[in-house]
Each structure stands twice: as C-alpha cells, then as structure tokens.
1. Can you sort V38, V61, V30 by how many other beta carbons sit within 10 Å, fewest first?
2. Which lysines, if any, have their Cα less than 16 Å from the Cα of K47, not counting same-chain residues under 8 positions apart?
3. Ranking K18, K70, K47 by Cβ neighbours within 10 Å, fewest first, what do you get?
4. Could you pull out the chymotrypsin sites (Phe, Trp or Tyr not before Pro) across segment 8-68 that fall in loop regions by DSSP (anything but H, G, I, E, B) with no more than 16 other Cβ atoms inside 10 Å?
5. For M32, M1, M49, which order do you get if you count the other beta carbons within 10 Å of each Cβ and list the fewest first?
Amino acid sequence: MVALLGQMKTHSRKPKAKALGWIGKDHAAVAMMAFDGVAGGVIEYRKVMGEADGRPFVVEVAFGVREDAKSRAVIRSGINWTPSLSAIHWRLHRY
C-alpha cells in the first residue's frame, strides 16, 4: 500500500479549490426563500476558496431575514451536501 500511495502521489496533481465546486449564491437564495420564508432582497452570501495545510477548501456562508418578523430564527448548516453534526446542537437550542 505504501508503494501504491507513493506512485499515486508521483503521477497525480493536487486538486485546486475550484475543482471542488460550490453551491453558489443563487441556489442558496432559492433554497432559503422556498424552505424558510426568507425575503429575496435581504440575503447576504460570501464564498472563500483556498488551501490550508496543503488541502483545498471552499467555505460558503449565507444568511437572510425571514419575511414574517414574528417567526423564530432558523439556523441551517451543511457539510459536503450532508447535514452537519452541529445541526443537532441547533435543534436542541432554539433561538
């Protein structure tokens, strides 16, 4: 296995963060408006792409304000298209 890993490293290139893909502002906005009642004009979105410790990463953050001012806050999170473990925390601690 060590020899195979060495050969793989020799004959391959490190992926760039751009190759990982991203969700994007438009998709995040549509999802927040459809599922959480967020007003379309008040959505903020940021994306950071880079490399840390030789590994590529993409971090996306979006937030919006719900149209119904009396409704409770909803915090959603995800990692690589799957719900994150932190979602359990948010379900237990409603804000």
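1. Values: V38 22, V61 11, V30 14.
With the sparsest Cβ surroundings first, the list reads V61, V30, V38.
2. By straight Cα distance, K47 reaches K16, K18, K25.
3. On the way: K18 10, K70 5, K47 14.
Exposure proxy ranking, most exposed first: K70, K18, K47.
4. Taking segment 8-68 and a limit of 16 other Cβ atoms within 10 Å, the loop chymotrypsin sites (Phe, Trp or Tyr not before Pro) found are W22.
5. On the way: M32 23, M1 5, M49 14.
Ranked by crowding around the Cβ, least crowded first: M1, M49, M32.
A short reminder: the numbers here are calculations on the coordinates, not readings from a lab. Since we're looking at a predicted model, the values are computed, not measured. Ideal geometry is used to build each Cβ from the backbone, glycine not excepted, and the neighbour counts take in all protein chains shown.
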